[in-house]
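Chemist: Handing you a structure now.
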Amino acid sequence: MRIGVLLLSVEDKPRQTTFTVEWARKAVAEVAAFFHAQSGGRVSPAFEVKDWQEAPFTAAEWHALGTGAAQAVADALGFSLASYDHVVAVIDEPGSDWGTTPGTTTFIAAKRFSPSLLCHELGHRFKAADAWAEVNGVMTRYEDPWCVMGTLGHMYTVPGLAGAGTAGLDQAGPGMCVPNLLRTGWLDPEAGGAVHDLTDSSSVFHSGGVVVELTAQTGAPGALTASGTLAVKVADVIVEYRVRKDGGADRGLPDPGRWVVAHRCPTGDPLPELADAFPAEVGTWKVLGEDNVFDIFHAGPLQILVMAVDEQAGTVRLSFSRRPARPLDQQGVGTSDGVFVFIPGVGIKPIPPHSPLVGIVQRVAAVHTLHEAQLLATEAELPALTERARTAVADLANSLTHVSPEPTPSPLEGARALVADVRHNGTPLDDAALAAIESALAAAATRADGNG
């Protein structure tokens, strides 16, 4: 694919940046390497960057031209764009910001012209979609830091691009998430078992679930390259393994540099919405969503647990499990309002959220989860999981030593006690006492709102 890059200013506004055409050529070289690696060699962009030119338009005229601006500049300056499969117009004027890619033209503000943003915009040319993540309870466009099609999140500094006048423009990465590799067509889910689909598998409902080994995802494998399994799909969830590695698009990942990343694709189309991400450390586990004690006729949410990590091989072994849909038996189930524990012959016992016993039940669940993992573990995996379980048991035992024989008052009861102390015992109603009462009432109100 031939891509022409036009570096443009306007007649009536001074340039906002100072980077040169040589700098821009280094930047697009990083972009070319990115797409070659992410596509498994299926895409090898060849960039031609023209030196800075002043478009024969004012800033207002440039904006009025809309999506035809690049062609209008070429016509006015007497050169052809016909030899290019795609054109990138980099415009240096104060009214332009970020970028957009309508069809075969990308427009980018010069003050945002980083390899990361150019990779994002060109990703749309290959049918990649914006990656979403939850912000304050709302699924929000661009906020996924684990995909170049999301926010400019886990990036790295490109050697040789840093310098005067390029602050913030020397950033690249991260790689594309698996849902977008599927959208581009570069990743074939059937080829070499690249995507292991457990959607219809009954194994996830067995005790401890099913174990799958994932290879670190560094882009789509080459057409003739065996990649191993790069992702696991369970219903609308796609799980992948990402690793920080020198020379790779994910070299900017945060510590510990090994992450399990899960996306949801709720529409059926692989439109990526970040579900969760957590460090790939033995014994670490996540539940994607909340289980509902009153909805026993549907399967529970997906649980993912790290069984083993092989840093040298770049692989991780994960267990995938779900609570099956069945009548309630002897399970304790967490809710957003404390914990409900079901005891055969006794029934459901609610434990309020202010009780320290909530933490006890959560620690019991952690120990049980690690016990289940040990039943599935290989001989090589067992020592690390056993050590993690030993730590969990010690944590449980320690938490039991802090449980009082007397009940823990609720926030409302605590507020009432403080008021009674002021009224009946003559305790001065100073700022500290008022603050304590207000805090207790606020906690009680928060719980009441949650129950509403």
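The values are calculated or read from the model by the stated rules, or taken from the named source; none is laboratory data. Everything numeric here is computed off the predicted structure, so don't read it as measured data. With ideal geometry, Cβ positions are generated from the backbone for all residues, glycine too; neighbour counts draw on all protein chains shown. Accessible surface areas use protein heavy atoms only, side chains included; no ligands, DNA or RNA. Shrake-Rupley method; radii C 1.70, N 1.55, O 1.52, S 1.80 Å.
Chemist: What whole-number distance in Å separates the alpha-carbon centres of region 26-104 and region 161-194?
Modeler: 20 Å
Chemist: Which of the cysteines found in the chain have nothing to pair with, since no other Cys Cβ lies under 4.7 Å from theirs?
Modeler: Result for the chain is Cys119, Cys265, no neighbouring Cys Cβ within the cutoff.
Chemist: Which of the following values of Rg/Rh (Cα atoms, Kirkwood Rh) was calculated from the structure shown: [x] 1.09; [y] 1.04; [z] 0.97?
Modeler: [x]
Chemist: Kindly provide the trypsin sites (Lys or Arg not before Pro) of region 65-131 that DSSP labels as loop, not H, G, I, E or B, and whose Cβ sees at most 15 other Cβ atoms within 10 Å.
Modeler: Passing sites in region 65-131 are Lys127.
Chemist: For region 124-251, just say rounded, prolate or oblate: build the C-alpha gyration tensor, square-root its eigenvalues into a ≥ b ≥ c, call rounded for a/c under 1.5, and beyond that prolate if a/b exceeds b/c, oblate if not.
Modeler: Note, shape of region 124-251 comes out prolate.
Chemist: Oh, and also: Restricting things to Cα coordinates, could you compute the convex hull volume per residue of region 138-208 in Å³?
Modeler: 188 Å³
Chemist: For region 52-63, just list the computed ³J(HN,Hα) in residue order, Karplus coefficients 6.51, -1.76 and 1.60, θ = phi - 60°, integers in Hz, with x standing in for Gly and Pro.
Modeler: Couplings: 4, 9, 8, 5, x, 9, 7, 4, 5, 5, 4, 5 Hz.
Chemist: List the GluC sites (Glu not before Pro) within region 137-236 that fall in a DSSP loop (any state other than H, G, I, E or B) and whose Cβ has at most 16 other Cβ atoms within 10 Å.
Modeler: Within region 137-236, the qualifying GluC sites (Glu not before Pro) (loop, at most 16 other Cβ atoms within 10 Å) are Glu190.
Chemist: Something else now. Got a number for carbon plus sulfur as a percent of region 11-94's accessible area, 1.4 Å probe?
Modeler: So the carbon and sulfur contribution to the accessible surface is 51 percent.
Chemist: Summing +1 for each Lys or Arg and -1 for each Asp or Glu, what net charge is found among the other residues whose Cβ lies under 11 Å from the Cβ of Phe107?
Modeler: -1
Chemist: Counting helices only, and only those DSSP H runs with n ≥ 4, report the 222 nm mean residue ellipticity of the chain as the sum of -39,500 (n - 2.57) divided by its residues, in deg cm²/dmol to the nearest 500.
Modeler: It lands at -9000 deg cm²/dmol.
Chemist: Relative to the longest principal axis of the chain, what angle (0 to 90°, nearest 10) does the C-alpha long axis of helix 115-125 take?
Modeler: The helix 115-125 is inclined about 80 degrees to the chain.
Chemist: Let me confirm the definition first: pairs of Lys residues in the chain, 8 or more apart or on different chains, C-alpha distance under 29 Å. How many are there?
Modeler: 17
Chemist: Tell me, what is the percent relative contact order of the chain, built from C-alpha pairs under 8 Å that lie six or more residues apart?
Modeler: 10 percent
Chemist: Next question. For region 6-23 and region 347-422, compute the distance between their C-alpha centroids and round to whole Å.
Modeler: 61 Å
Chemist: Using a simple charge model, +1 on the beta-carbon of Lys and Arg, -1 on the beta-carbon of Asp and Glu, nothing else, what dipole does the chain show about its Cα centre, in debye to the nearest 20?
Modeler: The calculated dipole for the chain is roughly 500 debye.
Chemist: Okay, moving on. May I ask you to give the solvent-accessible area per residue for the chain, in square angstrom, as obtained with a 1.4 angstrom probe?
Modeler: Spelled out: the 1.4 Å probe surface of the chain, per residue, equals 48 Å².
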